[in-house]
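Undergrad: Input: one structure, supplied below.
The numbers here are math on the coordinates, done by the rules we state, and not lab data. Since the structure is predicted, the reported quantities are computational estimates derived from the model, not experimental observations. In this analysis, Cβ positions are derived from the backbone assuming ideal geometry, glycine residues included, and neighbour counts consider all displayed protein chains.
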Amino acid sequence: MTSPSVGTILTAEFGPLITPQSYAQQGMAPGILVGVTQQGERTYQSFGTILIYNTGKSPTIPIENIVWCIGSNTKVFAATSLGVAITLQGVQIPIALDTPVASLLPKGATIQSYEQPILIQHLATHTAGWPDGMCTNGKTALGDYTFAEMQDFINAFPPTYAPGTLFNYSNQGFALLGTLLSQAYFGTPGTQPTDWTNYKNWLNVVWATVIDPLNLTSTQIDYKPVISSMLQSWRFSVRKSPYIPTDPPNWVQDSASLAAGSVSSTLADMLTFLEGQITPSSTPIEDAITLTQTQQFTTIPMGLGWQIGNGYFSKDGLVRGYTSYTIFDPGNAIGIVAIANADHCSGALANACRSTLQQLRNSGVDPITFPEPDTPPGCPTIEA
């Protein structure tokens, strides 16, 4: 029997997730873009309504060049930046997996611990025992999270279990990781900063360590220069009512939360990124990529940033109006990236990507499960 083509598989998996913009449904979206790389051969396909932001018009550029917000897939970029720093550790950058977070904080920020110190490794694997976040005083959102709020959280939050023992997804942890990488690259080794000044350069760090080395020419944090190529997105409000058009999330360029979800990219660049994951030796940051794919704890299927399945790695992303999912199987040289132009469809998009991988590699793709706390940690009370 002849195996179905990539296009046939994508149509069967992603076509049923499309709903009209006028008829919102959970688990569905007005439009979806999908890219597949298989043994180096690429396929791009679109489904449903795909418009360019704030124009009401269909794109005149190839769909692989449409820009969209990758959300929490940014965390894998942050983890790769960490990998680059670690593989240079002892030569240039003073940071390692076993570096205590407390040793990299400025004066006035005092991190609390439970039984043992929180390490850089814990931030990069969602095992610090921290809440999802972002934990604020109620005045800001993710994109303009301030360093004052970051410090208030660090000083106020008491973990309730030892780090490295359980998984609890944490935007808060990856936000701090990005700022600590900035300090490691731009600070003065061996000195404790008096303020957060050197912690505000993560944009430069991720460009120098990931975006530029991998030649990701349409990937950035400040999407304003490429807004004319931006995917229009919608927000789910009420079932069976119209989706609400929304603006891309606003990322203040010196926000404390950039590493948690600020990157925007394209299908073409994200497949380049995945091809580098599939064949790290083809990149100038081979050791760093290999480190991100190394399981860090015996009972927790996490690399640095990547979630680890049976022969595959994956990461999801959700940010205002955009839902994304990336998955790759290095053994079979297959990578898939999908972006939906609405929220409230994370589970369905992930299932479609996993099912696509299962058919392309002709073997099962098991869901990833984690040991989690009975009661997830929550944000502390932070006074305005």
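Undergrad: Anything in segment 366-382 that is aliphatic (A, V, I, L, M) and within 21 Å of the chain's Cα centre (by Cα)? List them, or say none. Steps first, answer last, please.
TA: Taking segment 366-382 first, the residues aliphatic (A, V, I, L, M) are 368, 382.
Scanning segment 366-382 gives a single hit, 368.
Undergrad: Can I ask one more? Could you tell me which residue of segment 119-141 is surrounded by the most Cβ atoms within 10 Å (Cβ to Cβ), considering only residues that are of a type in the set (A, V, I, L, M, F, W, C) and part of a helix (DSSP H, G or I)?
TA: The initial filter retains those residues of segment 119-141 that are of a type in the set (A, V, I, L, M, F, W, C), namely 119-120, 123-124, 128, 130, 134-135, 141.
Applying the additional criterion that residues be part of a helix (DSSP H, G or I) yields 120, 123.
Values: 120: 26, 123: 28.
Taking the candidates together, the pick is 123.
Undergrad: Is it fair to say residue 47 is surrounded by 16 or more Cβ atoms within 10 Å (Cβ to Cβ) and under 21 Å from the mean Cα position of the chain (by Cα)?
TA: Details: surrounded by 16 or more Cβ atoms within 10 Å (Cβ to Cβ): yes; under 21 Å from the mean Cα position of the chain (by Cα): no.
When the stated conditions are applied, residue 47 does not pass them.
Undergrad: Would you confirm whether any residue within segment 368-379 is closer than 29 Å to residue 24 by Cα, free of Cβ contacts under 8 Å to residues at least 24 places away in the same chain and not in a strand (DSSP E or B)? If you could, list the steps in order and put the result at the bottom.
TA: Of segment 368-379, the ones closer than 29 Å to residue 24 by Cα are 368.
Now drop any that are not free of Cβ contacts under 8 Å to residues at least 24 places away in the same chain, which leaves none.
No - not one qualifying residue is present in segment 368-379.
Undergrad: Further question on the same structure: Could you tell me whether residue 356 is crowded, with 22+ Cβ neighbours inside 10 Å and of a type in the set (Val, Ile, Thr)?
TA: The answer is yes for residue 356.
Undergrad: From the set of residues in segment 206-248 that are in a strand (DSSP E or B) and within 19 Å of the chain's Cα centre (by Cα), which is nearest to residue 79 (Cα to Cα)?
TA: So the first thing to find is which residues in segment 206-248 are in a strand (DSSP E or B), and the list is 220, 230-231, 233-235, 244-246.
When the remaining residues are screened for being within 19 Å of the chain's Cα centre (by Cα), the result is 220, 230-231, 233.
Numbers: 220: 16, 230: 26, 231: 26, 233: 27 Å.
Top of the filtered list is 220.
Undergrad: Does residue 291 meet the test of being in contact with a strand residue (DSSP E or B) (Cβ under 7 Å, 6 or more places away or on another chain) and part of a helix (DSSP H, G or I)?
TA: Judged against the criteria, residue 291 is not a match.
Undergrad: Within the group 324, 363, 314, 355, which residue is touching a residue at least 40 places away in the same chain (Cβ under 8 Å), over 18 Å from the mean Cα position of the chain (by Cα) and under 30 Å from residue 246 (Cβ atoms)?
TA: Working: 324 fails: over 18 Å from the mean Cα position of the chain (by Cα); 363 fails: under 30 Å from residue 246 (Cβ atoms); 314 fails: over 18 Å from the mean Cα position of the chain (by Cα).
Answer to the check: 355.
Undergrad: Sticking with this one: Does residue 268 meet the test of being more than 26 Å from residue 168 (Cβ to Cβ) and buried (at least 19 other Cβ atoms within 10 Å of the Cβ)? Even if it seems obvious, please write down each step before you answer.
TA: Values: more than 26 Å from residue 168 (Cβ to Cβ): yes; buried (at least 19 other Cβ atoms within 10 Å of the Cβ): yes.
Answer is yes for this residue.
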